[in-house]
There are 2 protein chains.
Amino acid sequence: MAGRRQVANDPDRKDRIVAAALEVIVDHGVHKTTHRLIAERADVPLGSLTYYFDGLAAILEAAFRRLSSTMSVHYRQVLSAATTRAEACEAVAELICGTGYATPREMTALFEMYAYGNHDDAVRALGRDWLLVSRESLAVHFSEATCRALDALIEGWPMHRNFEGAPLDRELVLATVRAVVDRLEGEE
Amino acid sequence: MAGRRQVANDPDRKDRIVAAALEVIVDHGVHKTTHRLIAERADVPLGSLTYYFDGLAAILEAAFRRLSSTMSVHYRQVLSAATTRAEACEAVAELICGTGYATPREMTALFEMYAYGNHDDAVRALGRDWLLVSRESLAVHFSEATCRALDALIEGWPMHRNFEGAPLDRELVLATVRAVVDRLEGEE
DNA sequence: CAAAAGTGTGTACGTCTGTACATCACCGAC
DNA sequence: GTCGGTGATGTACAGACGTACACACTTTTG
């Protein structure tokens, strides 16, 4: 009978590969992401990639999984810290305007994920999950209808910031959020 | 002196290539878009692509230019048909929920464009232009601040529809649009 | 100790890629 | 007719790609 399994020499090597893959995706785009670029970035031999992963698609899926996981955490943190409706509105504005969620690099990665998800079932599922997570975080404070509307704002507005390059007008964002919340939830 | 220039055998061949490129992008994603796939789809010889375009990047740029042009037209049509504020709100809801703007295939193409734009300056500029066009179309009916908020909704909401697969709740969309407009423009 | 088993790596291979370019088909000028 | 000259194409090629796999190394087993 086989005894205790041996321990990997470098247990977090797999994680390093995934992290490196995400960086390559952000810097070059999925369309120019290759085994060799990732291996170089992660400082591991080329063979490691095929040893730990079943092809490039598996690496990309792991990278995007990491991305959505990272963002979900911050997303939930910001929203769960709010206790009143007013605070929740400010939290939403913070998500839209702030630099914590959706840094420029994360936005780039998110675009790549959305685009790639349309051609890869596993990543598409990841996108759906991410949608549900964000909606659940909002659902603590708002009705389902309001969640859908706010979610659209949270996704759409940072996209514009990404193209314009200029920071968003926080007052305007907050006013819009409050307008939606007041209307759909009923004033106060 | 050289006489009249000869006429191309197939003057709209270049257009066919661009159209085919966009289809390949939608079906396979930019990351799997190749000269050969495009040529096959357009039913032109491989050599035509290098004859008409300076590399794959140029083809992709032309394809995305075609996309944003197509969408701009419909976008403007829907918005310019409105004469009152109420009609303009319904036009915005139509853009978000309707099947004319942002068919599933167009949404996929748009994702590819946004993702690719982060790695190609020409396409990035295209994204900025598209942003300005949509904002100008809205500016006919609304203030600049309102345009920004509505634009975020118009971009963000169809993204969700894309992932959920289910059609949007038109009543909810319309109510949200009105909420934003009423608050930012002042009630009536 | 030797042997076996498992972990990790460097290299080599077949395929596919973008692109250059010699070549062809066609048309107007003479 | 012959002869450029231009639009267009099929092919060939160098390089990059994903991936398989023989091999080396380390640890456990006997």
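Bear in mind these aren't lab numbers, they're just calculated from the coordinates by the rules spelled out. Nothing here was measured: the structure is a model prediction, and the numbers come from that model. Cβ coordinates were reconstructed from backbone atoms using ideal geometry, including for glycine residues, and neighbour counts include every protein chain displayed.
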Inset, instruction - Grab the residue from chain B whose Cβ hugs the B-to-A rotation axis most tightly, plus its distance in whole angstrom. - result: B:Gly156, 1
Inset, instruction - State, to one decimal in nm, how far the label point of A:Gln77 lies from the label point of A:Ala166, with both points 7 Å from Cα in the Cβ direction. - result: 3.0
Legend entry - Rounded to whole Hz, the Karplus (6.51, -1.76, 1.60) HN-Hα couplings of segment B:24-39, x for glycine and proline: 5, 4, 5, 6, 10, x, 4, 5, 10, 8, 10, 3, 5, 4, 5, 4
Legend entry - Distance in nm between pseudo-label sites at A:His28 and A:Arg85 (7 Å out along the Cβ direction from Cα): 5.1
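Just counting partner chain Cβ atoms within 10 Å, what average do the residues of peptide A:107-117 show around their Cβ? Walk me through the numbers before you get to the answer.
Values: counts 2, 5, 2, 2, 9, 9, 2, 10, 13, 6, 5.
Per-residue shielding by partner chains comes out at 6.
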Legend entry - DSSP-loop trypsin sites (Lys or Arg not before Pro) across segment A:9-94, with at most 10 other Cβ within 10 angstrom: none
Inset, instruction - Please build a GNM for chain A, connecting alpha carbons under 10 Å apart, and tell me which residue among A:Phe142, A:Phe163, A:Phe64 fluctuates the most. - result: A:Phe163
Legend entry - Fraction in percent of alpha-carbon pairs per bin - 10 Å, segment A:95-188: 15, 42, 34, 9, 0
Inset, instruction - Give the nm distances, rounded to one decimal, from B:Arg105 to the matching residue in every other copy, measuring between label points 7 Å along Cα toward the beta carbon; shortest first. - result: 3.8
Legend entry - Choice from B:His35, B:His160, B:His74 with maximal GNM fluctuation in chain B (Cα, 10 Å cutoff): B:His160
Inset, instruction - Using a Gaussian network model of chain B whose springs link C-alpha atoms within less than 10 Å, name the residue from B:Gly165, B:Gly98, B:Gly127 with the highest mean-square fluctuation. - result: B:Gly165
Inset, instruction - Multiply the residue gap between B:Glu40 and B:Ala145 by 0.36 nm, knock off their C-alpha separation, and tell me the result in nm, one decimal place. - result: 33.1 nm
Legend entry - Under the Karplus curve 6.51 cos²θ - 1.76 cosθ + 1.60, θ = phi - 60°, whole-Hz ³J(HN,Hα) for segment A:67-80, x wherever Gly or Pro sits: 4, 5, 5, 4, 6, 4, 4, 5, 3, 5, 4, 4, 6, 6
Inset, instruction - Once you have a ≥ b ≥ c as the square roots of the Cα gyration tensor eigenvalues for the protein assembly as shown, tell me rounded if a/c is under 1.5, and otherwise prolate or oblate according to whether a/b is larger than b/c. - result: oblate
Inset, instruction - Treat each spin label as a single point 7 Å out from the Cα along the C-beta direction, and report the A:Arg16 to A:Glu185 distance in nm. - result: 4.7
Legend entry - Residue (of B:His74, B:Ala115, B:Thr34) at the positive-pole extreme of chain B, dipole from beta-carbon charges: B:Thr34
Legend entry - Relative contact order (%) - segment B:17-167, alpha-carbon pairs under 8 angstrom, separation at least six: 24
Inset, instruction - Just the Kirkwood number for segment A:13-185, please: inverse of mean 1/r across all distinct Cα pairs, in Å, one decimal. - result: 17.1
Legend entry - Helix axis angle, B:85-97 relative to chain B longest principal axis, alpha carbon, degrees: 50
Legend entry - Inter-copy spacing of B:Ala81 label points, which lie 7 Å from Cα along Cα→Cβ, given in nm from shortest upward: 4.6
Legend entry - Using a 7 Å Cα-to-Cβ projection, B:Arg135 label spacings across copies, nm, ascending: 3.1
